Each structure stands twice: as C-alpha cells, then as structure tokens.
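Have a look at the structure below, then the notes.
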Amino acid sequence: MGGGDHGHTAHPQRPAPFYLVREDILPEALVKTLQVKERLARGEFATVHEATERVGLSRSAFYKYKDGIFPLSGIDRDRIVTISMDMEHRSGVLSRVLSLVASYEGNVLTIHQTIPLQGMANVVLSIETSAGVEALDALVAAMKATEGVRKAVVIGQG
C-alpha cells in the first residue's frame, strides 16, 4: 500500500469513513483549505487563485483537499427527519403541528396524509432540520401534547 491510503480502499458501494478531528492537530494545509473555502463562501475573494495566495496555500493543495474537508457545522447542519403521527380528523390539528415544526426551525419537505377512517388519519412529515437530538425530542414531545394528536414517533433520520 503506497500513497498514504493507510489501508482504506475506496469501495463504490460503501462511502468513505469520516473522522472528527480537533483543528489544532490538523496539518496546516487542511486548516488553510478550510479558510479558503470559508472566505470564498463569504465573498471575500473573487477567485481561488486570489484566496489561496492570500491565505498562503498552493492551489494544487486546495484542489487536492477541498472536496474532502468540511467544518463540522456544515456537516451537522441539514438532516432530514421523518415523523409519523396519528391524529384526529378535526380542523386545525395539522395546522398546529406545522406551526410547531416552524417554531423549532424545521422546514417541511413532504406531507403525506391517509384518508381519515373513523375520525383518525395518519400523517407522515419529512422535515429538514438542524435541531440537535434534545430539540428533536422536544419537538416530538410537543407534537404528542398537541390537542388532536394521538401518536407521534420518529420513523427515520438521515
């Protein structure tokens, strides 16, 4: 094994592993690559050439690492959560649930509702959120406490 792959072979069916590493132990080229990406995203520089020159990083190093390093906040930011609820078929119940989602800074991607039978319907929401585990648990608890909601459970995350 050469080329510094450390035994990790790329498999098309399996994504590459990720690691959480403190910034102070990262090689300088990786830290500077993040700085270039962040400053370009903020519009401080118009070109990669200008940004790498000002940060003190070669363009070849930037292009080598740019697609493989991300700030943790960028990875953690958007995830999709799917929540299934059984709710009474009454005016305003779904509206109150959607208001809750918005109050927890969630963005509804899809809503699927079954035809109500015997006054009950199942609603599945796919929500894009940056909420942590505690906030997501609080959202689901608030949904369960909403008048007309009989059940609310997370059925998928990604």
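The values are calculated or read from the model by the stated rules, or taken from the named source; none is laboratory data. On a predicted model such as this, the values are computed, not experimentally measured, just so you know. Please note: Cβ atoms are built from the backbone with ideal geometry, for glycine as well, and neighbour counts cover all protein chains shown. For accessibility, only protein heavy atoms count, side chains too; no ligands or nucleic acids. Shrake-Rupley method; radii C 1.70, N 1.55, O 1.52, S 1.80 Å.
Structure above, values below:
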{"quantity": "Members of the stretch 132-144 that are of a type outside the set (D, E, K, R) and open to solvent by 20 Å² or more (accessible area, probe 1.4 Å)", "calculated": "G132, V133, A135, A138, A141, A142"}
{"quantity": "All helices (runs of 4 or more DSSP H) inside the stretch 43-158 with 1 or more residues being over 30 Å from E23 (Cβ atoms)", "calculated": "93-103, 133-145"}
{"quantity": "Qualifying residue in the stretch 58-80 (condition: among the hydroxyl-bearing types (S, T, Y), closer than 23 Å to G156 by Cα, at pLDDT 95 or above and open to solvent by 30 Å² or more (accessible area, probe 1.4 Å))", "calculated": "no"}
{"quantity": "Qualifying residue in the stretch 125-138 (condition: charged (D, E, K, R) and without any contact (Cβ under 8 Å) to a residue 40 or more places away in the chain)", "calculated": "yes"}
{"quantity": "Out of R96, R150, sole residue that is modelled with pLDDT of 90 or more and surrounded by 14 or more Cβ atoms within 10 Å (Cβ to Cβ)", "calculated": "R96"}
